[in-house]
1. What net charge is computed for the residues neighbouring H106, neighbours being all others with C-beta under 13 Å from the C-beta of H106, Lys and Arg scored +1, Asp and Glu -1?
2. Once fully extended, how much extra length lies between N89 and D19, figured as 0.36 nm per residue of separation less the alpha-carbon to alpha-carbon distance?
3. Subtracting the Cα-Cα distance from 0.36 nm times the residue separation, let me have the gained length for R360 to Q76 in nm, one decimal.
4. Points 7 angstrom from Cα along the Cβ direction at D166 and A380: gap in nanometres?
5. Just add up the charged neighbours of T159: K/R +1, D/E -1, any other residue whose Cβ is under 11 Å from the Cβ of T159.
6. Determine the sum of side-chain charges near R171: Lys and Arg each +1, Asp and Glu each -1, restricted to other residues whose C-beta is under 11 angstrom from that of R171.
7. Treat each spin label as a single point 7 Å out from the Cα along the C-beta direction, and report the Y127 to Q390 distance in nm.
Amino acid sequence: MNLVQRALKALRRSAPARDPDANRLPFVGMTMAGIRMDADNAVQIAAVWACLRYLSQTVAMLPWNVMRSEDGKGAQVQSKNPVQWLIHNRPNPECSSFQFRETLVHWALRHGNGYAEIERDLAGRPYALWPIHPDQVCPERNQAGRLFYRVKLPDGGGTVDLDAADMFHLRGWGEDAVGVDFMTYAAQSLGWAKAVQLFGASFFGNGANLSGVVTSKGKFADGALDRLKIEFGKLYKGVRRSNQTAFLDNGMEWKPTAVEPLKAQMIEANHFLIEEICRWFGVPPHKIAHLLRATFSNIEHQSIEVVQDSILPWVRRLEDEADYKLFGQNRMGLYTKIELRGLLRGDFKSQQEGFEVMRRNGVINAEEWRALVDMTPMPADVGGDKYVMQSQNTTLEQLGKEPPPPASPASAPAAPSHDEALAQSEIDRMAEEAADAEAAA
């Protein structure tokens, strides 16, 4: 059944939301920690920056190719396909494939969505991909329920509507056709982290970091208060003079009031908030240089595990959108694939042992092995393109069967039977006796 027949038989009974971009939660703005949180100042938090950088740059650096599965030949890279140039080399004249994916994944992580206009030629083929900031895009539905994107033009140029087929939409986590605003859900956790960051900065840079106050039982004499301020300034002004004690007169006594950062568990709070931010982004702490609980015995396996849990979901989002939007309805077996093999390799020794197993079992040849480790081809007369396998290997059907006798060469004479051998030996003996008798005569 083709698409036209399916469309004639299809009848949707539910009605989609006219405004799919509506969030379930209201915009938080000012958090309970007293910090105003949005998608821009959240990036000032080191853990947020590290998570954004790791996910966006890791996805952007992986090879992205147009593939076609051919019978008997496996999947082959379609280097001459126009889409191959867009996704692998240059989506548009202003940015590379790395920068394009880095930008879209970054936007999708911060805003829930990453957008790029698909510029097409007169034949309807993709010609360029132009990123559009999420603040400029508003997804909507028309009267028929079809999704389109209303884009605000810069400098008060009005708006322009783009069909869904002409918008490359990298959708983050969400419940409808668009992803939810990440900052709306994570605002309180990020606001807490930002407050701890500002508190630590102000503790060292606020000037007078008092560890207590000095009270007087009597009234200050003329000029005594000014002298007291000067004395406090000399002792407490600046980071190097913080937490000093003033020795004063006039019956004054010392009362400690400050809470030490150690007692306030500032270090523990920072560690907890780093892990809290990693939970929001789905990034293991060791990938953003938080090695508190990482060990050398498990760090390699955690690095491989993060590919499945953190990188693969964004890879699939990019592949699915490209497969649907860049090839049209008649794909002719074409699809895109982002290669993850480089991230799944272990250390050099484990990597070479894996290659050796494939080589020994005839999966790869010497030339393919050298290509995997970026080595030059072997000389043509060496035979590096041959596949080898151990000779004792057999199929499951042959197990338990007696091996067939070795075939005799066609040119070799048949071996004589036992009787024939005895008769021939008797003839040879009689001939020798006759020769001896003749020689004696």
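We did not get these values from a lab; they are worked out from the coordinates using the rules stated. What you see is a predicted model; the values in this text were computed from it and never measured. Cβ atoms come from the backbone with ideal geometry, glycine included; neighbour counts cover every protein chain shown.
1. Working: positive: R53, R101, R110; negative: D40, E102.
Computed value for this residue: +1.
2. Details: separation 70, 0.36 × 70 = 25.20 nm, distance 3.55 nm.
Fully extending the segment from N89 to D19 adds 21.6 nm.
3. On the way: separation 284, 0.36 × 284 = 102.24 nm, distance 2.41 nm.
Full extension of this stretch gives 99.8 nm more.
4. About 5.2 nm, to one decimal.
5. Values: positive: R150, K152; negative: E140, D161.
My count for the surroundings of T159 gives 0.
6. Details: positive: R317; negative: E175, D176, D320, E321.
Neighbour charge sum, excluding R171 itself: -3.
7. 5.9
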